[in-house]
Amino acid sequence: LPREDFILYADDLEYTYRITEKGGRISRVRNALVEDLERSWDSGDQSRSSFGILLSEGSDTQAFYGVRNRIYFEANSLRTNRPLFYANAGMQLAILGVLALLLGKWSRFRLVLAAARDGLAGRLGLNPEFKP
């Protein structure tokens, strides 16, 4: 089953990854109708960078769990080259930090840093500061 400690976001990604890692197969039903309960908050305007969207869109709760869970998943499931993983993460955070200064979004950047720390440390589950 999907992990409950992801709270929001990436639980489906982690779940389907586990299925395929264990040799399972995932098939799609071409004529199935899928109706999302809510619009994705972080994949809208294609003319804006993902950094700008992360700093400016969605609620703090969405940003926190989205970043934390994705970093946890990538660090624990996809990472094959530790130095490259940390270099990439550091570079992305540096770019995000500069953009946060330019846009006046420093508090959101600090939230992203906290989420990244929790994801890297494996601190999943409900964070009392961010209730879904």
* What is the distance in Å between the Cα centres of region 104-132 and region 51-94? -> 10
* Asked: What is the percent of Cα-Cα separations in region 63-132 that go past 16 Å?
  -> 49
* **Taking the chain and dividing mean pair separation by its residue count, relative contact order in percent (alpha carbons under 8 Å, at least six apart)** => 35
* **Helix 60-73 vs. the chain, principal-axis angle (Cα, 0 to 90°, nearest 10)** => 60
* To do: Report the GluC sites (Glu not before Pro) located in region 1-109 that are in a DSSP loop and have at most 11 other Cβ atoms inside 10 Å of their Cβ, or state none.
  => 35, 38
* Structure fact -> Taking R0 as 22 Å and r as the Cβ-Cβ distance between residue 117 and residue 84, the FRET efficiency 1/(1 + (r/R0)^6), rounded to the nearest 0.05, comes to 0.65
* Can you pull the one-decimal nm distance between simple spin-label points at residue 129 and residue 76, each 7 Å off the Cα toward Cβ? => 2.0
* To do: On the protein heavy atoms, probe 1.4 angstrom, tell me the percent of accessible surface of the chain carried by carbon and sulfur.
  => 53
* Two-decimal Rg/Rh of the chain from alpha-carbon positions, Kirkwood Rh? -> 0.98
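Considering only protein heavy atoms, what per residue accessible area in square angstrom results for region 1-130 with a 1.4 angstrom probe?
Accessible area per residue, region 1-130: 69 Å².
The values are calculated or read from the model by the stated rules, or taken from the named source; none is laboratory data. In this text the structure is predicted, and so the values were computed from the model without any measurement. Here the Cβ is made from the backbone with ideal geometry for all residues, glycine too, and neighbour counts use every protein chain on show. We work out accessible area using only protein heavy atoms, side chains counted, and drop any ligands, DNA or RNA first. Shrake-Rupley method; radii C 1.70, N 1.55, O 1.52, S 1.80 Å.
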